[in-house]
Amino acid sequence: MAILKVARMGHPVLRAKARPLEAGEIRSPAVQQLIDDMFETMAEYQGVGLAAPQIHESVRVFVAGLPARSRDEQDEEDDEDDDDEDDDMPLIAMINPEITPVGREMAEGWEGCLSIPDIRGRVPRARSIVVRGYDRKGKRMEIKASGFSARVIQHETDHLDGVLFFDRMKSFETLTFLDEFGRYWSPRDVREE
Ligand SMILES: [Zn+2]
C-alpha cells in the first residue's frame, strides 16, 4: 500500500475524460493495488471520496465512504430529512459508474475537494440517484443513494469526466476558505472529496 500524491486543480489530468476499465482488467494486480492505494490515500487526507484522476490515473474508478467507526448499523434507507452533511456512508470502490437521478429533486450542500484544498462551496446535486457499475471483483453493482452519499457519488463520478465542483455551482457567492467557513458558515468541518 502506498499514499499517493493528489493532483491539484490546474493539473490537466483533472480535466481529462477518464477511460473505462475493461471487465478483464478489474481483477488485475495493478488495478487491485490502485484501489488499495486510493483507500489509503483517502484515509491519509481524511477525505470522504477519491477518484482515480485525482491521483494521476485517468481511469474510471473511485473510492468513497467514511470508516465504520462513525457508523452503527447502516440504515436500510437514507433518511430524506437528514441534514445533507450529517449522513454517512460505507466504504465502496466503484468502477465505470453510471448515474441515473431518481426524481427531479435537487439539494444544495457544502462540498470540498482534495484537489482544491481548503475551499468550500455550496453545490446543487440530485438528491437521490441510482449508480450502476462494477465492484473491485468485477461484479456488477447497483447502489441507491440519497443525501450525503448521493452527493459524494456525484462529485466523484464528475471527476471521471473532468468536472470539478466549481463547475456545478450556481453562483460563487458561497466559495469560502476553510478558516472562514468555520468562522462564518458552520462550526463543523466538511470533508474533502
Ligand atoms: Zn473532488
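The values are calculated or read from the model by the stated rules, or taken from the named source; none is laboratory data. Note that the coordinates shown come from a computational prediction; the quantities given were computed from them, not determined experimentally. All Cβ positions, glycine included, derive from the backbone under ideal geometry; neighbour counts span all protein chains shown. The accessibility values were calculated without ligands, DNA or RNA, using every heavy atom of the protein model including side chains. Shrake-Rupley method; radii C 1.70, N 1.55, O 1.52, S 1.80 Å.
With r as the distance between the Cβ atoms of residue 171 and residue 135 and R0 = 35 Å, compute the FRET efficiency 1/(1 + (r/R0)^6) and round to 0.05. Write down the numbers at each step before the final one.
Working: r = 37 Å, r/R0 = 1.06.
Result of the calculation: an efficiency of 0.40.
Specify whether the C-alpha gyration tensor of region 101-158 places it in the rounded, prolate or oblate class, a ≥ b ≥ c being the square roots of the eigenvalues: rounded for a/c under 1.5, otherwise prolate if a/b is larger than b/c and oblate if not. Mind showing how you got there, number by number?
On the way: a/c = 3.46, a/b = 1.35, b/c = 2.56.
Oblate, because a/c is 1.5 or more while a/b does not exceed b/c.
Please state the relative contact order of region 121-191 as a whole percent: Cα pairs under 8 Å, 6+ residues apart?
That works out to 33 percent.
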Report the residue, chosen from 128, 149, 171, that carries the largest GNM mean-square fluctuation when the chain is represented by alpha-carbon nodes joined by springs under 10 Å. 171
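Per residue, what volume in Å³ does the Cα convex hull of region 1-42 take up? All intermediate terms of the calculation are to be shown ahead of the outcome.
On the way: hull volume 3.2 nm³, N = 42.
Dividing the Cα hull volume of region 1-42 by its residues yields 76 Å³.
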Using a 1.4 Å probe on the protein heavy atoms only, what accessible surface does residue 45 show? Give it in Å² to the nearest 10. 110 Å²
Percent of beta bridges antiparallel (DSSP, the chain, rounded to nearest 5): 95 percent
Out of the total accessible area of the chain (probe 1.4 Å, heavy atoms of protein only), what percent is carbon and sulfur? 49 percent
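Rule-of-thumb check for the chain: C-alpha Rg over 2.2 N^0.38 Å? If you can, show how the numbers build up before the last one.
Details: Rg = 15.7 Å, N = 193, 2.2 N^0.38 = 16.3 Å.
Rg over 2.2 N^0.38 Å, computed on Cα atoms: 0.97.
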P(r) for region 134-173: what percent of alpha-carbon pairs falls in each 10 Å bin, starting at zero? 25, 43, 25, 6, 1
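How large is the Kirkwood hydrodynamic radius of region 1-73, counting all unique pairs of alpha carbons, in Å? The partial results should precede the final answer.
On the way: mean 1/r = 0.0768 Å⁻¹.
Taking the inverse mean of 1/r over all distinct Cα pairs, region 1-73 comes out at 13.0 Å.
Only Lys, Arg, Asp and Glu count, each charged at its Cβ (+1, +1, -1, -1), so figure out the dipole size of the chain about its Cα centre, rounded to 20 debye.
My answer is approximately 1060 debye.
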Residue among 129, 143, 55 with the largest mean-square fluctuation in a Gaussian network model of the chain, springs linking Cα atoms under 10 Å: 143
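If you take the beta carbon distance between residue 179 and residue 40 as r and set R0 to 41 Å, what does 1/(1 + (r/R0)^6) give as a FRET efficiency, to the nearest 0.05? Intermediate results must be reported in sequence, preceding the final value.
On the way: r = 28 Å, r/R0 = 0.68.
The computed FRET efficiency comes out at 0.90.
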To the nearest 10 Å², what's residue 141's accessible area with a 1.4 Å probe? 40 Å²
Top mean-square fluctuation among 36, 161, 179, Gaussian network model of the chain, C-alpha springs under 10 Å? 179
Set Lys and Arg Cβ to +1 and Asp and Glu Cβ to -1, take the dipole of region 123-184 about its Cα centre, and tell me which of 159, 184, 149 lies farthest positive. 149
